[in-house]
Amino acid sequence: MKNKSIALLVGILIIISLASFLIVPRSIVYLTGKASSGSSNTAFNLTSEVSVLVTNAVDFGEGRVDANATFAILDSSLGTGGSSIFGWFNVTGITGDKPLQGFNEFVAYDSQRDVSIFYGGDVGGDLSNETWQFNYSSKQWTNLTDLSSVPQQTLTSMVYDSSIGAVILFGGFPGNVGSCYAFCASNETWKFNSSQKWEKLSPLGESPPPVQWPSMAFDSKRNVTVLFGGIDSGYDSNETWEYNASSNTWENKSNDVRPPPREIVPIAFDSNRNVTVIFGWTGDYVFADTWEYDGTDWVNISTAHSPLPRQNAGMTYDSVRKKVVLAGGSDENGTSLNDTWEYDGTDWTDTGYALNGARYTEFRVVFDTQIGRTLLFYGNGESSFDDVQEYGNITAGGGGGGGCINGTWSFSPSFIYVENDGTVDINVNYTANKNAGQFIGGTSPSFKIKGVVDESGACADLNTTYAEVSNSTETPLTLCPLLKYQNDADKFKIPAKLIVPSDVASGVHNSTITMTATQVGGPA
């Protein structure tokens, strides 16, 4: 029950502590006293009859970050902590039918519908024209094959064109049919449209020559599909073409400066720097080179480090971490690889993260923007694979799994509650003496708080998005610009979120957040 006649202190000092690898509960200190018109550590220019009542505080429980975890995520709004381990992991929980194992299947990620489109391949010597989609959220495959499918073929390439919300497919090998043998190829352009059906296009003007194994990436800056290389009449090509879906035209963009001829070269579009990137060797000669194309010119990039020369590797662009990811393939001796490299526009880095099985990955690696992770589908090598793998920060909650051990990372209670127990509306701000680096330390820490609605109508403009805590002690940050004093509509709660790196320094770490309240409007 509220007592409207009592004025309590409205400054709240919150001390949060943690030890290296071990989150330890610490005391929460409240400064209380009578409000005054002056300014001091215990009063903040408030008139009488105004107070903020805090009930409970966050206890981070006990636990530590396991040695193989990149960092732990502690989120009191979830009631548990979790860990984030970086690397390749099999996607579990997939149910129902799925595509058959085969060679040279092709995948494109549909960012509008948040599904990956999987097409074609060579299944047991028979060419396939099946089209499937994989939904990561539901962990299910769906067969979308219908009578309008692309003819049976392999050695093609396809991308997702976000400007029209459709998959574009070009080229390929239709198989040994009639007079069509090993060097026979297609120069048909197909679209997997919004009705989830394949549609053969008739581009205006000239199209690229028939090719097998061209490399394609979608340039989202200029809204064109970039095609490079492939096998043209038995010979490796180094032509560059662009397809513009809005005008339904192909344009030959080849000029004097371009990469040497090659086929099935790993390719990705870097949407941060707006360049198409290719790497390495596939074809008659061995290359371990990196090239970038900006829509006009190809530039050979000199890097201090480089992956081994390889063919049949998969490549995509991680738009969250802003790095090109290259995975698997085979070396010049035909031996399957399982390594992973990343390119940041300046140099290549061997991540040390291995695929679950050495394999040819070809054009079966995509970046899922909804989950912020790279997905790899199937693959071949000394063995055939029918799994789906994901690469990135894999978060698991609580307990002894997922890198969190020695505790459940529970919060008791889960929130700090802030209530207006006075007779006037107030503004609730906070300041902090340390940011995440000063508080936690280590590599890429994070320290955030936000507001959560607890009583409807209490704060219409509550800041409900996690905001990184800064080390400003002079400029208050607003959590609630107008906290009502009505009964049952005058309280919100504050969860905390920490990302604790595995390399946090030893010892106890302290941070202080000071909550302040300022009267809004005149006396009641």
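Brief remarks on what is shown
- On the principal axes of its alpha-carbon atoms, region 124-220 has extents of 44, 36, 23 Å, going from largest to smallest.
- For the peptides 321-333, 261-273, the ranking by packing is 261-273, 321-333, with the highest mean count of neighbouring Cβ atoms within 10 Å listed first.
- Straight-distance candidates among the lysines for linking to residue 191, with alpha-carbon spacing under 17 Å and chain neighbours fewer than 8 residues away dropped: 200.
- In this simple spin-label model, placing a label point 7 Å from the Cα along the Cα-to-Cβ direction at both residue 346 and residue 249 gives a separation of 4.0 nm.
- For a paramagnetic label modelled on residue 382 (point 7 Å from Cα along Cα→Cβ), amide N atoms under 15 Å away belong, within region 340-358, to 355-358.
- Shape summary of region 103-395, radius of gyration then Dmax from alpha carbon positions: 17.3, 54 Å.
- In a fully extended conformation the segment linking residue 146 and residue 204 would gain 18.2 nm over its present Cα-Cα distance, using 0.36 nm per residue.
- Couplings 3J(HN,Hα) for region 462-471, derived from phi with the Karplus relation 6.51 cos²θ - 1.76 cosθ + 1.60 (θ = phi - 60°), are 4, 6, 9, 9, 4, 10, 5, 6, 9, 9 Hz, where x marks Gly and Pro.
- Residue-wise HN-Hα couplings along region 354-363, as the Karplus relation 6.51 cos²θ - 1.76 cosθ + 1.60 with θ = phi - 60° gives them from phi, are 9, 5, 7, x, 5, 6, 7, 10, 6, 9 Hz; Gly and Pro carry x.
- Reach of residue 448 by Cα under 28 Å, taken over lysines that are not fewer than 8 positions away in the same chain: 322, 323, 434, 484, 491, 493, 497
- Listed peptides 346-357, 231-242, 416-427 by packing density, highest first (mean Cβ within 10 Å): 416-427, 231-242, 346-357
Every number here is computed from the coordinates shown, using simple stated rules; none is lab data. As the structure is a prediction and not an experimental result, all values here were calculated from the model. Cβ: placed from backbone, ideal geometry, glycine included. Neighbour counts: every protein chain shown.
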